[in-house]
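Contents: one structure, followed by commentary.
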Amino acid sequence: MKKLALIVMLLALHFATAQESTTKLTVTESEEYKDKVKANDILSIHTTESGLTGIVRNSKRDILFDIFDANLKKVFNEVVESDKKETFVGELFYDNEIKFFTVYAPKKTERIVYCHIFDIAAKTHKKVKLFETTVEKKQLLFSGQNKRQTSFAISPNGNYFAITTDNIKKNSNSYTIRVFNANNLSLLYEKAYQEHEKRFYEHNDLSIDDNATVYGLGKLFIKGRSLKRKGDANYEFVLNKVTQSGTNDITISLGEDEHIQSLNISIIQDELHLLGFYSEKNVFKIKGGCNFVIDTKALAVKRKRSYELPIEVYKDLYGENRADRKKSKGKEISNFYVDYVLQDNNGNTYILAEEFYITQTYVSTGTTGGYWVTTYHYDDILIMKFDAKGELSWGRSIFKKATAPSYNAFLKDDQLHVILNSGKRLTEKNDGRTKVSKGFLESTALFDFVYSADGKVSYDKIQDNKGNTYYTPYFGTFENNTFIMASDGRKKKQFMILK
């Protein structure tokens, strides 16, 4: 009987310990509030230095602009009616102001781009027409959109912003850069670039400096639009330098049997770096990370570095026993898309990418036929850190399964924090892996994966979600050394603050 009582006590102690928060961050929650107009999708969320938080959301017929004070109590709300033909395409934030961009398509070929100026400090909103243009048939003005915003950029000093638009026509292909004065929205200059009648150009990333010089990066296809041609890459990366006086470009040469899905522009200690992942098979796979360092004055590649995925990436994904075998056989990981490019105060750059793919399953309903079920997979996370010289410091991964965008990331005190929801207990596999997923009928918990400067990880629990408000890290923002994320409640809303 005593043994049974001891076992029960130990089990109860284990259960209680599992429920406790282990995060080293300070966790607080705001008061609940109700929406007059129902809206869930957060399109933009930012916090000013004074502690005011501005949020832009959309509903079926409206755009909602909200402001919350330092205690996250709502102090301002404006509902702006929008048309079903008006869509959100991007946003920029500097100082106290969110610039929120929409495209209105009144006709099949007519496009009007608007800028909503949401001044959080002044608690004001106004809508300004930036420009009008035409497209062929139903052609998108901003093509190639992905999880990262790549068609809008603001200069570090906040004085200028750039917008690149797609001008694909039946017999020609080109892009247009428009640079605006960020203070009065006047057009500073407009330039077309990569105009070709036969070759197709695909935009990849955009940057603008304090002198209003724009750098646009993309793929220029050699023939057609196929990514591969007889096993080789059917494209070359092109970096475009656009100024008020003209345009110039250079080709970023790929190595033999080298395939790169995308490169990301990063300014590290006044040098322009093109960071990304490479493969020896095709653009949807990853063998390692790469970095091209650009001399912006001479517009030339100063140096290039390539780094195979560290063994730690394979250990996190496949376990201790399989990692060496996978790496030695040249195993490449697949279907990863960049979500975050973060820089710390020491010039280090972190790239985080998530595995994304879609599956379809046919469900038979007997004699009446059946239907297809589409499932979106947001699975493993790849993390790579480059130092101030552009050299690879370390790489890790998170063995994860999810069916919706589920995580956010920020840098605080030289540590990388990855915030996500998982089952209430992380699954410790026999092979050494830590699996982030929710089991059948299992409740969930909110976790903070903390990576030290040298890549060591700790798994800190923020809260068990059962009985508590469920928060969505994906809809969050990190500013002023504080991370704020919203709940997913439809009627009542709340915020969690991590400091």
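The values are calculated or read from the model by the stated rules, or taken from the named source; none is laboratory data. For clarity, every value in this text was computed on a predicted model and none was experimentally measured. Heads up, the Cβs are rebuilt from the backbone with ideal geometry, glycines too, and the neighbour counts pull from every protein chain shown. In case anyone asks, the SASA skips ligands and DNA or RNA and just uses the protein heavy atoms, side chains included. Shrake-Rupley method; radii C 1.70, N 1.55, O 1.52, S 1.80 Å.
Observations, loosely collected:
- Qualifying residue in the stretch 271-278 (condition: in contact with a strand residue (DSSP E or B) (Cβ under 8 Å, 6 or more places away or on another chain), charged (D, E, K, R) and at pLDDT below 95): yes
- Only one of the numbered conditions (1) assigned to a strand (DSSP E or B); (2) in contact with a His (Cβ under 7 Å, 6 or more places away or on another chain); (3) of a type outside the set (F, W, Y) is violated by V283, and that is (1).
- The stretch 53-73, subset open to solvent by 70 Å² or more (accessible area, probe 1.4 Å) and modelled with pLDDT of 90 or more, residue farthest from E32 (Cα to Cα): A70
- Yes/no for I260 being open to solvent by 20 Å² or more (accessible area, probe 1.4 Å), assigned to a strand (DSSP E or B) and among the hydrophobic types (A, V, I, L, M, F, W, C): no
- Filtered residue count, the stretch 312-336, keeping only those that are in a helix (DSSP H, G or I) and over 18 Å from K400 (Cα atoms): 6
- Restricting the stretch 150-164 to residues that are under 20 Å from the mean Cα position of the chain (by Cα) and surrounded by 20 or more Cβ atoms within 10 Å (Cβ to Cβ), the residue that is modelled with the lowest pLDDT: T150
- When the test is whether a residue is surrounded by fewer than 16 Cβ atoms within 10 Å (Cβ to Cβ) and in a loop (DSSP other than H, G, I, E, B), G467 passes it.
- Remark: F410 matches the filter, which requires a residue to be under 26 Å from Y307 (Cβ atoms), among the aromatic types (F, W, Y) and not in a loop (DSSP other than H, G, I, E, B).
- Residue check for E136: charged (D, E, K, R), touching a residue at least 24 places away in the same chain (Cβ under 8 Å), touching a strand residue (DSSP E or B) at 6+ places or on another chain (Cβ under 7 Å) and over 22 Å from V179 (Cα atoms): no
- Of all residues making up the stretch 88-139, the number that are open to solvent by 30 Å² or more (accessible area, probe 1.4 Å), closer than 24 Å to T47 by Cα, assigned to a strand (DSSP E or B) and not hydrophobic (A, V, I, L, M, F, W, C): 9
- Subset of the stretch 184-208 [outside any strand (DSSP E or B), open to solvent by 40 Å² or more (accessible area, probe 1.4 Å) and at pLDDT below 95]: E197, K198, R199
- Within the span defined as the stretch 239-251, one or more residues are assigned to a strand (DSSP E or B) and over 18 Å from T164 (Cβ atoms).
- Annotation note: of Y362, Y350, Y378, the sole residue that is aromatic (F, W, Y) and surrounded by fewer than 10 Cβ atoms within 10 Å (Cβ to Cβ) is Y362.
- V373 in contact with a Ser or Thr (Cβ under 6 Å, 6 or more places away or on another chain) and modelled with pLDDT under 95: yes
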